[in-house]
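Single-structure report; data block below.
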Number of protein chains: 4
Amino acid sequence: MTASGGQDSDTGRLETFSDGVFAIAITLLIIEIAVPHTEGTESLFDELVQAWPSYFGYAISFLVIGTVWANHHNRFRLISRSDHILLFLNIVFLMCVAFIPFPTALLADYIRDEQYRVTAVAVYSGTLAVTAVFFTLLWFYAAGNYRLVDRAVDPLLLRAMTRRYVFGMLLYILALIFVLPEPEVSRGARRTRRGSVRR
Amino acid sequence: MTASGGQDSDTGRLETFSDGVFAIAITLLIIEIAVPHTEGTESLFDELVQAWPSYFGYAISFLVIGTVWANHHNRFRLISRSDHILLFLNIVFLMCVAFIPFPTALLADYIRDEQYRVTAVAVYSGTLAVTAVFFTLLWFYAAGNYRLVDRAVDPLLLRAMTRRYVFGMLLYILALIFVLPEPEVSRGARRTRRGSVRR
Amino acid sequence: MTASGGQDSDTGRLETFSDGVFAIAITLLIIEIAVPHTEGTESLFDELVQAWPSYFGYAISFLVIGTVWANHHNRFRLISRSDHILLFLNIVFLMCVAFIPFPTALLADYIRDEQYRVTAVAVYSGTLAVTAVFFTLLWFYAAGNYRLVDRAVDPLLLRAMTRRYVFGMLLYILALIFVLPEPEVSRGARRTRRGSVRR
Amino acid sequence: MTASGGQDSDTGRLETFSDGVFAIAITLLIIEIAVPHTEGTESLFDELVQAWPSYFGYAISFLVIGTVWANHHNRFRLISRSDHILLFLNIVFLMCVAFIPFPTALLADYIRDEQYRVTAVAVYSGTLAVTAVFFTLLWFYAAGNYRLVDRAVDPLLLRAMTRRYVFGMLLYILALIFVLPEPEVSRGARRTRRGSVRR
């Protein structure tokens, strides 16, 4: 009946570890926001306003990771056992979650740049789509044939959750396809991006 | 009765996740303090003393986040259930907490600078005020009509806590208003800030 | 019977602390991937593709740390007591795990560089080999004579695990020896590495 | 009897939070070690060897924080209740622990530099001394008159622990005094430090 060994808390340390990764990934988002440098004649307030894509990226990714965490949390209330494959799928899934700060910084840096915006948005959407795919795979594996789920769980609930995850995954992939068509044409074009604050 | 599924520990993983974010946000404060570079003729000791705003910001924000954590901790001893709205309010609240390292770095960088100090202090106070607002909203939602609080909790205690949070929130907002009036006038003025150490 | 004091959860806080270090080390890997700078005429997509060693290093080290975590997790399901020596061995072991982001960044930076690749790979393999050595030492100490393992554990299982760890350790050391022979000859040779993205 | 509300696990969330700060502070040490840049004619292996103060600082501080964590862990096995003052003392104590990465980086940067070494060592020792002082204060407060310690705890054990902490604190302070006398004289002297690797 200890937290680390009992039968019924078989997924306990898996959840603790996952929560740690979620909490760190979500909190690390802040280190992508750099303190602006005022160069002589500018207003600090203006500089801070200019950095809006950083706050925007921070807020969006914080909500995204928070939502993914909440879903992970709900799912693992139903998953009562773990095995090697679940561990592996969960690690790959966490690898996607912990990756999110990178496309977030990319998005914040290039969202104002007509030439590169599409690439940045595509990388961001792509990361979320891949995350959703592994989320869905993990759920399929655990819930299929009640493999790692308690027999007492209502099959209708299971099916409803599966449907929801598949739908969410398709939505992310559609979003990705939607942003992809517009090609990055102007390879040789001049950069028009305003010199943004970089560390 | 496991830590991750039982009825009476419904908020367990929410608290664990929140504690993770608090612990990371508070510890990340240190990475804003850069090792000074001694350029030829200066004393390392003098350089370290010159960097006092960094230590000041570190100490203030550490105490602020620590206090907010302690309050969160106390509140969740009374909140015994969670739902989607609580999860959402908690995520937005954590978004404010995890944001604190940024205005801290801003404050440390500009507190010695007459021209920009006001803006930096306003952003710092503003972040704390917004954090307090979401803290209060979260509490209102959970404690209102005993929505997520155990019926056994003394109504006088609940009302006392509510009063305390509202008061704290108002205090932060007042502090913000207090620092705001002094406008940042000298847009075109020369920078007088001593070249501080930046990474 | 509390999580922090009971006889049977003697290793609880040790595991929580270790999980924290694992979760942070694995999530910190992302901060080694820098947002590329597009210098005028280049395509952001090309720049992102050029940075493949960073993603490669991230993925490899994420899987490595995840695997090490899973092994640590399995082992501590059998270890039911702790003492000063176990604490010390565990700290030194965690020191190796938390070090992994450094050789990962080294590998990502120099894998495309014929001259320095060998050194980078050797440092990376060496870190994993040393980690495996301490992992094995820790297990030897805990499992030898059932020192910190429950008497109820099947001796065949213990011996199988010991064999597995020793085998894993030898594999890492062999891998290290395999990459070492090729010497770093060209001390004075020109660098051929493509200017990679560095923070 | 839940982890977050029961009488006997009153210090549970305090310990979890502290463990988080310990785990993050100890793991953040790695980000102070920068990947060396090979400038044309140098050997990567030589560059890595040159960076030994970074590895030295990492190892020392990892062991220091690990030891402090183990002591905190042992102490809180005896402390069974918490109050506002304990919370406050613990936050200030954690503030010292989370500060350690900064003097570590300072030490690694200046240990080879005759002129500045003393200052760096003094700041490092000073941080440890202050940490030990707050550690001792916290213990005095909790253990004095069995304020927050279970009545069942052997008074001889309590006194032994107190003696040990006071002794450790004095040792750190003595170490500090020992390194302090040598004054940092040569303000105007040329820097002799080898250009170390800085991010």
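The values are calculated or read from the model by the stated rules, or taken from the named source; none is laboratory data. This one's a predicted model, so the numbers in the text were calculated from it and none came from an experiment. Heads up, the Cβs are rebuilt from the backbone with ideal geometry, glycines too, and the neighbour counts pull from every protein chain shown. Only protein heavy atoms, including side chains, enter the accessible area calculation; ligands, DNA and RNA are left aside. Shrake-Rupley method; radii C 1.70, N 1.55, O 1.52, S 1.80 Å.
Equivalent ellipsoid of region C:28-181: semi-axes from √(5λ) of the C-alpha gyration tensor, largest first, are 38, 16, 12 Å. By a 1.4 Å probe calculation restricted to protein chains, B:Arg159 has an accessible surface near 140 Å², given to the nearest 10. A:Tyr146 contributes an accessible area of around 40 Å² to the protein surface, as traced by a 1.4 Å probe with all chains present.
Computed about the Cα centre, the dipole magnitude for region B:16-171 is approximately 1200 debye when only Lys and Arg (+1) and Asp and Glu (-1) carry charge, each at its Cβ. The P(r) of region B:90-135 has a tail past 17 Å containing 33 percent of all C-alpha pairs. At a threshold of 8 angstrom on Cα-Cα distance, excluding pairs fewer than six apart, so keeping six or more, what relative contact order does region B:30-157 reach in percent? Averaging sequence separation for qualifying contacts and normalising by length gives 30 percent for region B:30-157. Per-residue surface analysis assigns B:Thr127 an accessible area of about 20 Å², computed on protein heavy atoms at 1.4 Å probe radius. Working from label points 7 Å from Cα in the Cα-to-Cβ sense, the C:Val133 to D:Val133 distance is 4.1 nm.
Once both labels are positioned 7 Å from their Cα atoms along Cα-to-Cβ, the gap between D:Ala59 and B:Thr67 label points is 4.3 nm. Rank A:Ala129, A:Phe178, A:Ala152 by how far each Cα sits towards the positive end of the charge dipole of region A:108-183 (+1 on Lys, Arg Cβ; -1 on Asp, Glu Cβ) and give me just the farthest. So the residue we want is A:Ala152. Binning all Cα-Cα separations of region D:116-165 at 10 Å, short to long from zero, yields these whole-percent fractions: 24, 38, 20, 14, 5, 0. Of A:Glu15, B:Glu42, the residue with the largest accessible area leads and the full order is B:Glu42, A:Glu15 (1.4 Å probe). Panel values: region A:76-161, Kirkwood radius from alpha carbon pairs, Stokes-Einstein at 37 °C and 0.692 mPa s, translational diffusion coefficient 223 µm²/s.
Once the Cβ-Cβ distance of B:Asp150 and B:Leu174 is raised to the sixth power relative to R0 = 30 Å, the FRET efficiency obtained is 0.35.
Per residue of peptide C:46-56, the mean number of Cβ atoms on other chains within 10 Å of the residue Cβ is 1.
Region B:90-120 and region B:36-77 have Cα centres separated by 12 Å. Of the listed residues A:Asp19, A:Asp83, the order by accessible area with a 1.4 Å probe, largest first, is A:Asp83, A:Asp19.
Measuring r between the beta carbons of A:Asn74 and D:Ala160 and using R0 = 51 Å, the FRET efficiency lands at 0.60. Ordered by 1.4 Å accessible area with all protein chains kept, B:Asp113, D:Asp150 run largest first as D:Asp150, B:Asp113.
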